[in-house]
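> What follows is a single structure, and I will ask about it in a moment.
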Amino acid sequence: MSPGAPGSIPAALQVPTRRVGAAWITALVIVHIGINVGFFAPIQVLLGLHAQQLDASQKNAILSLVTGVGAAVSLVANPLFGALSDRSTSKFGRRIPWVFFGTLAGALSLLLMSTAQTVSLLVLGWALMQAAGNAALAAIFAAIPDKVPVEQRGMVGGLVALGQTCGSLIGAVIGMYAAQDLVFGYAIVAVAVALCSIPYVMMRQDVPLPKGALPALKAGEFLKSFWINPVKHKDFGWAWLTRFMLYLGCQLCLVYLLFFLQDQLGHPDPAQGVLVLTAIYAFCVIFSSVISGKISDRDGKRKKFVIISSVIVALAAGVLAFASNFTTAVIAAVLLGIGFGAYLAVDFALLTQVLPHADSRGKDLGMINIANSLPQVVAPLVAWLSVTWFGGYPTLFLISAVISLVGAALVRQIKSVP
């Protein structure tokens, strides 16, 4: 039965079997780089410097407030916009409109942040950026199971991880050079977010969803759809929990990195130090993610790669806990890059194999992305308590190591993926 025949599954909802080409993958990676520049340049450097500029004596509290509120917004925005993109019937496809308008709104939000002279305006700007960026991000993630066959997802997942890492690295470069001019820094980030979406949008390779292909939207049922029963869909539940644990472990290593170099290691130029560590981390992520993704595609056994990578992340956190100089921090960056790179590539491929429904990939991946975003809410609080009240940075990094090891152990509970 053809995709357009009565009673058939629309092409937009079918499991893809045709391998995607290099041009589409490249456009996907570029837009992902742009979105992550929009996230990581502020998170790594700009927000910390901005908080210090607003009130140096309360910089930790301000940074925790801004990042925490932004992450809370992302918890709602990612699955919400993912679900809305699932039902979009635009002639341009389900995902492209959300990528276009999300990146445009994100760029405008960053320009608003550049004018912030108060904590409240900075919080508002970052909340808007998180909402807009997550609208685009949810659509980009959903495009992968829409178009990429299972046997190619490890490789594509590795390249998407490359996009995230490059975004992080570019963000650190911008942060270092914009340390004395935050308005310029935010403007450069805004331009990057907007421009990087153009190749993907112009390719117009999304498959449109015919009108009437899904039941009419009812508010009550729509809200209920965001609950995915972890008992009924056990593997999805375990995958969500393991991702939350590892992202929390990694976020605890990163949230106060600028202040760790400044206050604990006494680095003479902490913004430059963040750039150096991020560059080393990025190189290791690129190498690890691409290699691991390809190997796991051939091997087909995803879980062992996820477990090993989680243990390496825990080891990196342990090294940071006892770091007494910048060289030790470099060693930790190498380990964190190798571990997290392998994790990003293979775990994403694993996740696409445990999604409950083909007609709600955007929403389901949005729920998974809560596991990425929720740690951004939890980590600032844990970090602030650890650094301020419970032993300082060593305690913070040891907590990160333990959480990552727990995540590694929980991966074994996933049964449907080898």
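The values are calculated or read from the model by the stated rules, or taken from the named source; none is laboratory data. Remember, it's a predicted structure, so these values are computed and weren't measured experimentally. FYI the Cβ positions are ideal-geometry reconstructions off the backbone, even for glycines, and counts take in every protein chain you see.
> Is there any pair linking a residue in the stretch 90-114 that is at pLDDT 95 or above and of a type in the set (Val, Ile, Thr) to one that is buried (at least 22 other Cβ atoms within 10 Å of the Cβ) and not in a helix (DSSP H, G or I), with Cβ under 8 Å and at least six apart or on different chains, and which?
VAL99/SER197; THR103/CYS196; THR103/SER197
> Just to verify a result, which residue in the stretch 56-73, among those that are more than 20 Å from the chain's Cα centre (by Cα) and in contact (Cβ under 8 Å) with a residue 40 or more places away in the chain, is surrounded by the fewest Cβ atoms within 10 Å (Cβ to Cβ)?
ALA61
> Now a separate question. Could we say that ALA161 is small (Gly, Ala, Ser), closer than 20 Å to GLN44 by Cα, modelled with pLDDT under 95 and surrounded by fewer than 18 Cβ atoms within 10 Å (Cβ to Cβ) here?
no
> Hey, another quick one. Might you check whether a residue that is outside any helix (DSSP H, G or I) and either surrounded by 22 or more Cβ atoms within 10 Å (Cβ to Cβ) or at positive phi (or both) occurs anywhere in the stretch 325-345?
No, that holds for no residue.
> I need the full set of residues from the stretch 17-61 which are among the basic types (Lys, Arg) and closer than 30 Å to ARG95 by Cα, in order please.
Listed by number, the residues that qualify are ARG18, ARG19.
> Looking at TYR200, TYR256, TYR186, TYR247, which is the one that is modelled with pLDDT under 85 and crowded, with 23+ Cβ neighbours inside 10 Å?
On inspection, the qualifying residue turns out to be TYR256.
> Looking at the stretch 98-138 only, could you name the residues that are farther than 18 Å from ILE30 by Cβ, surrounded by fewer than 23 Cβ atoms within 10 Å (Cβ to Cβ) and of a type outside the set (A, V, I, L, M)?
Answer for the stretch 98-138, where residues must be farther than 18 Å from ILE30 by Cβ, surrounded by fewer than 23 Cβ atoms within 10 Å (Cβ to Cβ) and of a type outside the set (A, V, I, L, M): SER114, THR115, GLN117, THR118, SER120.
> Starting from residues that are in a helix (DSSP H, G or I) and aromatic (Phe, Trp, Tyr), keep the ones in the stretch 382-415 and report whichever is farthest from ASP235 (Cα to Cα).
That would be TRP389.
> Among the numbered criteria (1) more than 19 Å from ALA138 (Cα to Cα); (2) in contact (Cβ under 8 Å) with a residue 12 or more places away in the chain; (3) not hydroxyl-bearing (Ser, Thr, Tyr), which single criterion is violated by LEU350?
(1)
> Which condition breaks for ALA51 when tested against (1) crowded, with 19+ Cβ neighbours inside 10 Å; (2) at pLDDT below 90?
(2)
> May I pose another question? Take the residues in the stretch 257-303 that are in contact with a Ser or Thr (Cβ under 9 Å, 6 or more places away or on another chain) and not in a helix (DSSP H, G or I), then tell me which one is farthest from ILE414 (Cα to Cα).
In this case the residue turns out to be LEU265.
> On the basis of being crowded, with 24+ Cβ neighbours inside 10 Å, of a type in the set (A, V, I, L, M), closer than 30 Å to ALA213 by Cα and in contact with a Gly (Cβ under 8 Å, 6 or more places away or on another chain), does ALA349 make the cut?
yes
> Sticking with this structure for a sec: Could you check the stretch 299-355 and list, in sequence order, the residues that are of a type in the set (Ser, Thr, Tyr) and within 16 Å of the chain's Cα centre (by Cα)?
Passing the criteria: TYR343, THR352.
> Here are some residues: GLN251, GLN262, GLN272. Which one is of a type outside the set (A, V, I, L, M), farther than 24 Å from PRO356 by Cβ and without any contact (Cβ under 8 Å) to a residue 60 or more places away in the chain?
Unique residue meeting the criteria: GLN262.
> Do you know which residues across the stretch 8-29 are touching a residue at least 12 places away in the same chain (Cβ under 8 Å), outside any loop (DSSP other than H, G, I, E, B) and surrounded by fewer than 18 Cβ atoms within 10 Å (Cβ to Cβ)?
Matches in the stretch 8-29: ALA11, ALA23, TRP24, THR26.
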